[in-house]
Amino acid sequence: MSDCMSCVVRNRAICSALNPDELGALSKLGRKQVVSRGQTLVWEGDESLVVANVIRGVLKLGVSTADGREQIVGVVFPSDFIGRPFGKESPYSVNALTDAEVCIFTRSSFDDFAKDHPDLQHKLLQRTLDELDRARQWMMLLGRKTASERIATLLLEISNRLGNTGCSSIAPFLDQFELPMDRQQMGDVLGLTIETVSRQLTKLKEAEMIALPDRRTVVIKDRQRLQNLAEAA
């Protein structure tokens with residue numbers, strides 16, 4: 001944890017609220033952990049024992065339905081915060097969609113540290129409100145947008161979140177990226193069937209808004225048209 005000041009998400013994660021001395025104190029409480037694709041970091045309903053910053057990779061938040069299926073309720077990207085500070089149980093499971101790396105803390109030690117650092121608590125509140133705004137936007141997406149508009153929105157979201165490094169010398173989006181989820185998982189996120197997801201991706205490809213070199217790679221060829229489609233509703 002000695003390299004916190006050079007961390008690639010340092011300026012975007014919640015720890016950006018801390019000065020160097022405070023950051024050094026927090027770093028002594030945490031450790032880096034590599035999470036393999038498919039690995040579960042947090043189990044739904046279990047005691048909330050850990051919290052973490054995502055350094056690299058993409059993870060999903062999932063809840064179990066009454067019939068035993070999983071519903072994806074969120075996707076987290078580098079610099080996002082996962083876990084439930086000041087909470088007793090986790091309301092969702094956290095699973096790695098890709099190989100990932102997280103900066104992980106025990107919840108109890110993080111809670112004690114946050115109580116003594118109001119700026120960090122304020123950053124946590126800001127992050128919580130941002131997540132609430134995203135959840136409301138996603139409700140609008142699921143309630144009003146067509147299948148093609150949903151797909152366009154998701155592709156732009158992934159492009160922007162994976163590309164936003166916080167460095168002015170790098171574009172705030174990626175025009176080529178690997179999808180962190182398969183067609184079925186995209187459908188779960190968007191409330192669509194796997195057949196509809198595949199069909200809409202093909203339509204976007206035929207319209208030359210995107211290219212699909214293989215099943216995982218997406219190339220955005222016409223960002224403006226894709227943006228117009230996503231904002232059509």
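Values in this text are rule-based calculations from the coordinates and carry no lab data. Note that the structure is a prediction, hence the values are computed from the model and not measured. Here Cβ is always computed from backbone atoms with ideal geometry, including for glycine, and neighbour counts include all displayed protein chains.
A few remarks follow.
- Footprinting exposure proxy ranking of Met186, Met139, Met181, fewest other C-beta atoms within 10 angstrom first, gives Met139, Met181, Met186.
- Relative to one another, the C-alpha centroids of the range 15-29 and the range 48-111 are positioned 21 Å apart.
- Using only side-chain charges placed at the Cβ, +1 for Lys and Arg and -1 for Asp and Glu, the dipole size of the range 4-138 relative to its Cα centre rounds to 320 debye.
- Glu195-Asp133 pseudo-label distance in nm [points 7 Å out on the Cα-to-Cβ vector]: 3.9 nm
- Size descriptor, Kirkwood hydrodynamic radius, that averages inverse alpha-carbon separations across the range 145-230, Å: 13.0 Å
- Loop-located GluC sites (Glu not before Pro) in the range 179-233 whose Cβ has at most 13 other Cβ within 10 Å (DSSP): Glu208, Glu231
- Convex hull volume of the C-alpha atoms in the chain, normalised per residue: 128 Å³.
- Shape analysis of the range 89-197 based on the Cα gyration tensor places the equivalent ellipsoid semi-axes at 30, 18, 16 Å, largest first.
- Partner lysines whose Cα lies under 25 Å from the Cα of Lys88, excluding those fewer than 8 positions away in the same chain, are identified as Lys28, Lys32, Lys60, Lys115, Lys123.
- Sparse-neighbourhood loop sites, chymotrypsin sites (Phe, Trp or Tyr not before Pro) in the range 74-132 - DSSP loop, at most 15 other Cβ within 10 angstrom: Phe86
- Positive-end residue of Thr153, Met209, Leu120, charge dipole of the chain with Cβ unit charges: Met209
- Under 14 Å, Cβ to Cβ, from Gln71 - net charge with Lys/Arg +1 and Asp/Glu -1: -2
- Only Lys, Arg (+1) and Asp, Glu (-1) charged, at Cβ; the chain dipole about Cα centre in debye: 440 debye
- Dipole in debye (nearest 20) - the range 145-230, about Cα centre, beta carbon charges: Lys, Arg +1; Asp, Glu -1: 120 debye
- Around Arg56: net Lys/Arg minus Asp/Glu count, Cβ-Cβ under 11 Å: -1
- Three principal axis lengths of the range 4-138 [C-alpha, angstrom, descending]: 49, 29, 26
- More than 15 Å apart - percent of Cα-Cα pairs taken over the range 1-69: 63 percent
- Mean ellipticity per residue at 222 nm, deg cm²/dmol - from DSSP H runs of n ≥ 4 across the chain, formula -39500 (n - 2.57): -12000 deg cm²/dmol
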